[in-house]
Amino acid sequence: MDKLDSLIVVTGMACVIWTRNATASPVEDVRVYTSYPDQVLETILVKFQSMEQELKMLKSELKSQKETSKTKLGAMADELNRQTILIQKQDIQIQRLNNVLVGSDIKPHKSMYTRSQEYPSQHQSKPLRDRRNTDEFISKRKDRLKSVCITSTTSPITSPIAFSAYFSTNEDQLSSHHTLVFDLVQTNTGNGYNKHSGSFIVPRAGLYVFTWTLITDSGGEICTNLVVNGVNNGFSYAHGNWQQTTSIEVIQVEQGDTVLVRTNNYSGCNQAGSIKSDKWRRSNFSGWLIR
């Protein structure tokens, strides 16, 4: 019996007692009234207090369930947003791959049979015929693969080109139009740099980066140029106080061009002191092909 049924029974008992008091004699009425009502009211009060406590507990449980549901809904919404973003990214990637395939010799594969073949209008149980296994399709596929192989084998294979060299000792003999020979080679991919002449002979035409770093002593003054086929294409200047100067040039050169670093003949530059290079610091010359 639940709390509501108990309340109904208690209330019924009170009604029975009240009805009996109405039909009884005055003496009996006083006796019954004084014997039962206090107990009945106390029982009803206890029942109401118990029901009120259970009602509070139910409200608390409903509130907790509401918060839990709200949290789950929020998590589901976050997951839905995450999945939507992933789908959008995959769509973009698929579109990019499709664009690459459209621009190449290999086209996106399309099925050789239609849905009408898969489900005949007569609804007959016929085995499906995959035309991809026919001799005609196989022959076309071989011809396509053969053309791809021929293209890949005849296309030029590009290899990296780069060099880097530095002075093994200090360069003390400075004068105008003096080619700087960086005699210790660290990298010479493509074999374009000559450590005996200090010049780089371009193995392949393209866009190159050339950079050189020079360090002067306390009283030195050094002015240099990056020279391509006898023409100045870059400039650097360092003056005293152990100063370091680094210059970078990006130049389009042709195969067979000669690139080197040399002191210039500017009258305002003394070309004094020495270029420092030892185990603590290095004066160097480097270059590499970009494309």
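All of the numbers you see were taken from the coordinates with simple rules; none came from a lab. This structure is a prediction, so every number in the text was calculated from the model and none was measured. In this analysis, Cβ positions are derived from the backbone assuming ideal geometry, glycine residues included, and neighbour counts consider all displayed protein chains.
Some observations on this one:
- Database remark: amide H of residue 168 closer than 5 angstrom to the amide H of 183, 184 (H placed geometrically; neighbours at sequence offset of 5 or more, or on other chains; Pro and chain starts carry no H).
- Projecting label points 7 angstrom from Cα along Cα→Cβ for residue 45 and residue 195 puts them 10.9 nm apart.
- Between the amide H of residue 199 and those of 194, distances stay under 5 Å, these residues lying 5 or more places away or on another chain, with hydrogens modeled in the peptide plane.
- Shown here are the Rg and Dmax of the Cα trace of the range 159-218, at 12.9, 43 Å.
- Over the range 181-291, volume per residue of the alpha carbon convex hull, in Å³: 96
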